[in-house]
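Structure, as C-alpha cells:
The values are calculated or read from the model by the stated rules, or taken from the named source; none is laboratory data. This is a predicted model, so every value here is computed, not measured. Don't worry about glycine lacking a Cβ; one is built from the backbone with ideal geometry, like all the others, and counts go over all protein chains shown.
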Amino acid sequence: MTARVPAKVNLQLAVGPPRADGYHDLVTVFHAVSLFDEVTVRPAERTKVVVTGADAGSVPAGRTNLAARAAVALAKAAGTGRRGKSAVLIEIRKRIPVAAGLAGGSADAAAALVACNELWGAGASPRELRAVAADIGSDVPFALLGGTAVGQGRGEQLTPALVTGVYHWVLAFGVGGLSTPEVYAACDRLRAARAGQADPPGPPQLDTALMAALRSGEPAVLGPLLSNDLQPAAVSLLPRLRQALAAGREHGALGAIVSGSGPTCAFLARDGAHARDLAVALAGAGVCRTVATVTGLTYIANVQCRRDAAGRAALLEVNPRAPGALPLTMASGVNMPRLALDALRGLPVPDHVDFREVAMVRFLDERFMDLSEVQKVAA
Ligand code: C5P
C-alpha cells in the first residue's frame, strides 16, 4: 500500500510566547506544495524502515523514525497490534529534503498512517487519524489534510482555507539542516534580548489581508504579505540565508521567505515561466545547494471511480486521502464545479465514464454533495 504526500511551506507563521509545555502557540497558514515523498507499507515480521532517495542517509531508520512511530501508534489506537499483524516494512522514497522546514518527516508519518490504515483495514476515521497524527508531531495533522489550511494551537488545530488561483514557487534548499527546537529557542532568545526595546509578543493573530489575498488568487497581492516570525531566528543561526532571500528579491520574486523553521527559502513567482527563470538565477547565484520549482496545492484530493448497481461508472469520490489514487491540484470553494471536472479529467481508469453521469463529489468535510448542489454553492 503506497501513499504519496506533499511538503508544505508556511505562508504566515505567527509565533506566541513559549508555553508551560515547551511549545509555542501558533497561528500559521500551511500551504502544501507539489514536492512529494512516497511511503509504501507491507506486512513484515518486524517493523523496519528503509529510506531511499535524496538525503536518505540523514533520516533515522529505526523506531525513532516518525513514520515508524506513526505505524506503531496507529496499531495501538486501532487495536491492530493485539491481533499480531501490525509489523510493517516501511519504505520511504524521499524527495522532500530533511530538516529543511518543509515538514518532510511529518509528511512521511501522515503517509504511513494512511497507508497502514488501508493495509490493515483498520477503519480509523479521519478524526481518529488526526488525533494519532497530533501526538506524533505538530505538523502531522496538516500533512494528512493537504491543501491550504490555517493551523492554531501547536499547529495541529486546522481549518481548511478558501483559496483560488495557481501559485508558482521556487524552493531553494540550504546546505545542511536546521533543528526546529533550536530555531524556536533562538526566536525566544532574540525576543528576550529585545525586551524593553520592543513590545513582547502578544497572542498570534491570523493575517486577514493574507487570507483575502489567497481568496483573490493574485500572487502579486499575496507576495508582500508572506510572513514568518521564525525567520530572524533562522537567519541568525544561518546568516547566509540573508543572501539567498536578497538574491530572490533581486530577480523579481513577489515574496521571499524562510519556510517554517528553515533553512529552505520559498520564493513566490509571477507565473510558471518566471519561476523557471528565478530558479535558474538562484542556482547560478551560488546562494543555495539546489532549487526546485513547485506549485501550491490549493486543494489536494484523490479520485476514485466506482460502478453503480447498474454497472455504470457513475459514482465519483474525491477522497482527500485514499492512497494510490491520483492526487490533483485544484482550487476549492468558489471553484467547486471546476474541481469536479478537473477531478474527472484526472481519473486513472476512465473506462467509459460519461462526465455528465457523475453523481457525487466527496469533499474534505466528508459531506456528500450532489453536483447540482455544488453548482448552487458556486453561483
Ligand atoms: O511537534 P513537533 O515534535 O514537530 O515539534 C518539534 C519541536 O518544535 C518541539 O519540541 C518544540 O521545541 C518546537 N515547537 C514549538 N511550538 C510549536 C511547534 C513546535 O515550540 N507550536
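Of Ala110, Ala103, Ala149, Ala143, all but one fail to be hydrophobic (A, V, I, L, M, F, W, C), at positive phi, within 12 Å of the chain's Cα centre (by Cα) and within 16 Å of the ligand (Cβ to nearest atom); the exception is Ala103.
Just for the stretch 188-210: of the residues that are among the hydrophobic types (A, V, I, L, M, F, W, C) and at pLDDT below 90, which one is farthest from Ala149 (Cα to Cα)?
Ala195
Out of curiosity, is Leu11 farther than 24 Å from Leu214 by Cα and in contact with a Ser or Thr (Cβ under 8 Å, 6 or more places away or on another chain)?
No, not satisfied.
Can you name the residue in the stretch 117-132 that is assigned to a loop (DSSP other than H, G, I, E, B) and surrounded by fewer than 16 Cβ atoms within 10 Å (Cβ to Cβ) and, of all such residues, is nearest to the chain's Cα centre (by Cα)? The selected residue is Ser125. Restricted to the stretch 176-279, the set of helices (runs of 4 or more DSSP H) holding at least 3 residues that are exposed (fewer than 13 other Cβ atoms within 10 Å of the Cβ) and within 16 Å of the ligand (Cβ to nearest atom) comprises 180-194. When Val170 is tested against (1) farther than 28 Å from Val280 by Cα; (2) at pLDDT 95 or above, exactly one condition is not met: (1).
Taken over the stretch 54-68, residues that are surrounded by fewer than 20 Cβ atoms within 10 Å (Cβ to Cβ) and either basic (Lys, Arg) or in contact (Cβ under 8 Å) with a residue 24 or more places away in the chain (or both) amount to 5.
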